[in-house]
Amino acid sequence: MSNRYSCPDPSRPAADAAIRRPAAGLAVFALLVLWLAVPAVSGAAPGDAAKALEPAGETAEEVPGIERDDSPECMRCHWMETMAYRDRDTRKIVDLSIDRDVYRHSVHADLACRDCHARGYKHYPHRTSSADEALHCVGCHAERGDDGAPDLTDISLEFQESVHAIEASRPFDCFSCHNPHTFRPVEDGAPVEAVVATTNRLCLDCHTKLDTPVPKGHEWLPKPREHWASVRCIECHTPVEGRDMYQPSHALLGAPESNRNCVECHTQGSELLSQLYNYRAAEQREQEGFFAQALYNDAYIVGMSRSPLIDRIGLALAALMVLGVIAHGFGRYLAYRKQRASR
Amino acid sequence: MTELYLYPVWLRAWHWLNALIFLVSLVTGISMHFSLGWLIPFEVAVPVHNASGIVLTVSWVAFIIGNWVSGNGKHYLINLRSLPMDLFRQTRYYVYGIFVNAPHPFHVSEEHKLNALQTMSYVGVMYVLMPLLILSGWAFLLSPSLPETVLGIGTIWIVAMTHLVLSWMLLLFLIVHVYIITTGETVMTNMRAMLTGWHRERGPQPERAGDDAG
C-alpha cells in the first residue's frame with residue numbers, strides 16, 4: 001500500500017532556516033501582521049470563521065482537533081489561503097495556511113494544533129524562536145503508540161539508507177514528502193490505479209522533470225506514461241529484499257542501484273513480479289468481486305509469460321510444421337497429377 | 001458410395017463453437033504475449049482473453065458431458081492391442097503411401113470414425129493438453145490464492161510457462177489438424193462431413209480412399 005505514516009508541519013524545514021537568522025524572523029513577524037490586517041480591511045473578520053467552526057454541544061472526544069482547545073484561535077489566522085512568507089535564504093514561498101476541510105479528512109484530524117505545536121505558540125504574536133520547534137514524526141508516533149499511532153522506527157531506519165538521506169543536496173526529512181496537515185493513507189482495497197497515482201504523486205511533486213513525455217533519466221524506458229500509471233515508482237526504486245507489500249520501503253534507491261532490467265517484471269518469476277502481480281490481482285478481487293476480477297483483471301503484465309527460449313522453439317516448430325505441411329501438400333499434388341496422367 | 005451420419009448436430013455445433021472460442025483465445029493470447037497492439041489493443045485483449053478462457057472451460061465440460069451422454073466417447077478409447085500396428089500403418093501412409101496413391105489403411109465406420117493417429121492426438125489434446133491449459137489459465141486468474149513459491153520457484157512463473165508451452169503445443173496441433181482434414185478422399189470430404197454431419201465416400205473399396213475426419 002502507499003505511504004501510510006507521516007507527521008506534522010510541511011513548512012518546517014524552510015521555517016527553520018528562516019528562524020535561524022534574526023532578519024528572517026522579523027520578516028515572518030511583519031508578514032504575519034500584514035496578513036492579519038488584510039481580512040480586517042476587506043471586511044471579513046477572521047473571528048467569524050473561527051466562530052463558524054465552534055462545536056455545537058459535542059463532547060471533547062467527538063470534536064475534531066481543529067475545533068478543539070485553542071485551535072480556533074490558531075485558525076483565526078491560519079485558515080487564510082494567502083498565509084505565507086518568502087524565505088530569505090531559499091527565496092521560496094513558505095505556506096502557513098491550513099485547509100480546514102482537508103485537515104479534517106487527514107489522518108491527524110483528531111489532533112488539535114497544540115498537540116503537536118506545543119511550545120511557544122500560546123501567545124500571539126509568536127516569538128521567532130517558537131518556530132524552531134523541531135518536530136519529529138518517529139518520536140511523536142512512539143509516544144502516542146497507545147493512541148494508535150503506527151510505529152515509524154522501521155521506516156526511519158530505511159529512510160536513513162535511502163538516496164534521499166544520503167545524497168540530498170538540501171535538508172531532507174519526513175516533511176519533504178509528507179504533509180501532515182493533509183496526509184491520509186490510501187485505503188485498503190482502493191482501486192489499483194488510485195494507489196499507483198497517489199503514491200507516484202508524492203515522487204512527481206518534486207521530481208517534476210519526470211512528469212513529461214520523455215522523463216529525464218528514463219529515456220531508456222519504453223512507454224513511460226503507461227508505466228507511471230500502472231506501477232509505483234518504488235517498484236523499481238527500492239530494494240527487492242525484505243519488501244512488505246503493505247508498507248512500502250522508504251529505502252529509496254538512486255539511479256545506479258535501481259532496477260533497470262525489464263525482465264525483472266516482464267518475464268520469469270522474479271520476486272518483484274510475483275509480488276506485484278499477486279498484489280494487483282488481490283486488490284482487484286477485493287474491489288470488484290470474484291467474477292468481475294476474473295473477467296476484467298488487468299493484472300496481466302505484457303511479456304510476463306515470456307520465455308525467449310520457449311518462444312524460439314515454438315516459433316521454429318510452427319514454421320517447420322507449416323513448411324512440412326506445404327511440402328506434404330505439394331507431394332500429394334504431384335501424386336495426384338501422376339495418377340491422372342496414368343489414366 | 002457409402003454414407004455415414006457420424007456427426008450429430010450437437011457435436012458439430014460444439015466443434016465450430018469450440019473452434020471459434022479457441023481462435024479468439026489464440027489471437028488475443030498472441031496479441032498480449034508479444035505485445036502486438038496493432039493486432040488487438042491490449043485493453044481489449046485482456047478481458048476478451050479472460051472471457052474466452054472461461055467460455056472455453058464451459059465448452060470443455062460440455063464436450064465431456066456430450067461424449068458421456070451420447071456415447072460419442074467410444075471413439076476416444078484406445079485399443080492397446082492393435083495400437084502399435086495401426087499407428088505404424090497410418091504413419092507409413094502419411095509419410096509414404098499418400099504420395100504413391102496407395103490405398104488408405106483405415107476405413108471410417110459407425111464404430112470407428114477415427115484412425116489410430118487421430119485417436120491418439122485427440123485424446124492427447126482434449127483429455128490432457130486442454131484441461132491443463134484451462135487449469136493453468138484459471139491459476140493465472142486466481143493467482144493471489146496460490147502460494148508465492150513452489151519448491152523455491154515463483155508460482156506465477158510455473159503457471160506462466162505451463163500456459164505458454166501448452167499454448168504452443170495446441171497451436172502446432174491446430175496447424176496439423178487443419179491440414180490433415182484435407183487428406184480425405186477429396187480435399188473437402190472431411191470438412192463437408194463436419195459441416196453436414198454426413199461422411200460420404202465412393203465405393204465399398206475405393207482405390208485411394210482417405211477417410212480421416214481431421
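Residue ranges B:28-41, A:173-186 sort as A:173-186, B:28-41 when ordered by packing (mean number of other C-beta atoms within 10 Å per residue, highest first). Taking amide H positions as modeled 1.01 Å from N, with prolines and chain starts lacking one, the residues under 5 Å from B:THR2 and 5 or more places away or on another chain are B:GLU201, B:ARG202, B:GLY203. In this structure, B:ARG202 and B:TRP138 have a Cβ-Cβ separation that, at R0 = 35 Å, corresponds to a calculated FRET efficiency of about 0.15. Our coupling estimate for the range A:115-125, obtained by passing each phi through the Karplus curve with A = 6.51, B = -1.76, C = 1.60 and θ = phi - 60°, is 5, 9, 8, 6, 9, x, 9, 5, 10, 10, x Hz, Gly and Pro reported as x.
Solvent-accessible surface (1.4 Å probe) assigned to A:ARG86 amounts to roughly 110 Å². Counting only other chain Cβ atoms within 10 Å of each residue's Cβ, the peptide B:156-162 averages 6. The helix-only estimate of mean residue ellipticity at 222 nm for chain B, built from DSSP H runs of length n ≥ 4 each weighted as -39500 (n - 2.57), is -19000 deg cm²/dmol after division by the residue total. The protection proxy used here, the mean number of other Cβ atoms lying within 10 Å of each residue, ranks peptides B:15-23, A:193-201 as follows, highest first: A:193-201, B:15-23.
Among A:ASP70, A:ASP87, the order of accessible area from largest down is A:ASP70, A:ASP87, computed with a 1.4 Å probe on protein heavy atoms. Here the calculated FRET efficiency for A:ALA316 and A:GLN247, from their Cβ-Cβ distance with R0 = 56 Å, stands at 0.75, rounded to the nearest 0.05. Listed by chain and number, the lysines whose alpha-carbon sits under 21 Å from that of A:LYS122, ignoring those within fewer than 8 places in the same chain, are A:LYS51. Counting Cβ atoms of other protein chains within 10 Å of each Cβ in B:129-140 and taking the mean gives 1.
A 1.4 Å probe, protein heavy atoms only, puts the accessible area of B:TRP138 near 60 Å². When each full DSSP H helix of chain B is screened for a Cα extent of at least 27 Å along its own axis and an average Kyte-Doolittle hydropathy of at least 0.5, the helices passing are B:9-33, B:42-70, B:155-180. Taking Cα centre as origin and charging only the Cβ of basic (Lys, Arg, +1) and acidic (Asp, Glu, -1) residues, the dipole magnitude of the range A:129-245 rounds to 680 debye. In this structure, the amide hydrogen of A:VAL94, modeled 1.01 Å from its nitrogen in the peptide plane, lies closer than 5 angstrom to those of A:TYR85, A:ARG86, A:ASP87, counting only residues at least 5 positions away or on a different chain. At a Förster radius of 56 Å, what calculated FRET efficiency corresponds to the Cβ-Cβ distance of A:THR153 and A:GLU81, to the nearest 0.05? That gives a FRET efficiency of 0.95. Annotation: lysines with alpha-carbon distance below 24 angstrom to B:LYS74 (same-chain offsets under eight excluded): B:LYS113.
Under the simplified labelling scheme, the B:ALA102-A:LEU309 pair shows an inter-label distance of 3.9 nm, with each label point 7 Å from Cα along Cα→Cβ.
Taking the Cα centre of the range B:2-201 as the origin and placing charges on Cβ (Lys, Arg +1; Asp, Glu -1), which of B:GLY124, B:GLY53, B:LEU17 is farthest toward the positive end of the dipole? Positive-most Cα among the choices belongs to B:GLY124. Setting aside same-chain residues fewer than 8 positions from A:LYS223, which lysines have a Cα under 28 Å from its Cα? Partners found: A:LYS209.
For B:LEU195, B:LEU171, B:LEU11, give me the order by solvent-accessible area with a 1.4 Å probe, most accessible first, ignoring ligands, DNA and RNA.
B:LEU195, B:LEU171, B:LEU11
Say each of B:THR186 and A:SER342 gets a label point 7 Å from the Cα, pointing the same way as Cα to Cβ; how far apart are those two points in nm? Reported label-point gap for B:THR186 and A:SER342 is 2.2 nm.
Look at the stretch B:33-46: the mean tally of other chain Cβ atoms within 10 Å of its residues' Cβ atoms is 2.
The values are calculated or read from the model by the stated rules, or taken from the named source; none is laboratory data. Not measured: the values here are computed from a predicted model. Note that we place each Cβ from the backbone using ideal geometry, even for glycine, and neighbour counts take in every protein chain shown. Ligands, DNA and RNA are excluded from the accessible area calculation, which covers all protein heavy atoms including side chains. Shrake-Rupley method; radii C 1.70, N 1.55, O 1.52, S 1.80 Å.
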